[in-house]
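What follows is a set of notes on a single structure, which appears directly below.
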Amino acid sequence: MKQHIIQSSMISLFLLITLIVSGCNQGTEKDDQQNNSTMKAEQTAEPIVTFIELGSVRCIPCQKMQPIMESIEEKYGSQVKVVFHDVWTPEGKPAADKYNIQLIPTQVFLDENGEEYFRHEGFFPEEELVEVLKMKGVK
């Protein structure tokens, strides 16, 4: 429980800092790069972010993530590729091993180069998840 509180606090602090920094950098080269990334993704239909949900259809918190995954797919279309692996099945177990998950649900976020840039364990509210997507220029 203490670890979960510390982790949640760190994520909140990270998101707050990200919001502050992005607000201070309006009109900078970084924003131009993000805009170029967004245009590139729209032109090539390649996702800017791959959002991987590692869980199980039999896990209650994982079930609560299902509508959030559907909402993200609907809102962001080709900008975000949403992938679900049921790690309690033989087909999903390799993904659990690949991403070295410790508990479910776990969300892993990959940039356009396939590099992990963020990870979250447990239920992830949509508002917070959207902030993680925005870190890579998803609009």
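Descriptive notes on the structure:
- As a rough guide to protection, the peptides 98-108, 45-55 ranked by mean Cβ packing within 10 Å, highest first, stand as 45-55, 98-108.
- Phi to ³J(HN,Hα) by Karplus 6.51 cos²θ - 1.76 cosθ + 1.60 over segment 58-63, Hz, x for Gly, Pro: 9, 9, 4, x, 5, 4
- Solvent-accessible surface (1.4 angstrom probe) belonging to R119, in square angstrom, nearest 10: 70
- Highest-first packing order for the peptide set 131-138, 89-96 is 131-138, 89-96, based on the mean count of other beta carbon atoms within 10 Å.
- Of all accessible heavy-atom area on segment 68-139, the percent that carbon and sulfur account for (1.4 Å): 48
- In percent, rounded to a whole number, the relative contact order of segment 38-133 is 34, using alpha-carbon pairs under 8 Å and six or more apart.
- Phi-based couplings in Hz for segment 91-105 (Karplus 6.51, -1.76, 1.60; Gly and Pro marked x): 5, x, 4, x, 5, 4, 5, 4, 8, 6, 7, 10, 8, 10, x
The values are calculated or read from the model by the stated rules, or taken from the named source; none is laboratory data. This one's a predicted model, so the numbers in the text were calculated from it and none came from an experiment. Every residue, glycine as well, gets a Cβ built from its backbone with ideal geometry; the counts of neighbours run over all protein chains shown. Please note that ligands, DNA and RNA were not included when accessible areas were found on the heavy atoms of the full protein model with its side chains. Shrake-Rupley method; radii C 1.70, N 1.55, O 1.52, S 1.80 Å.
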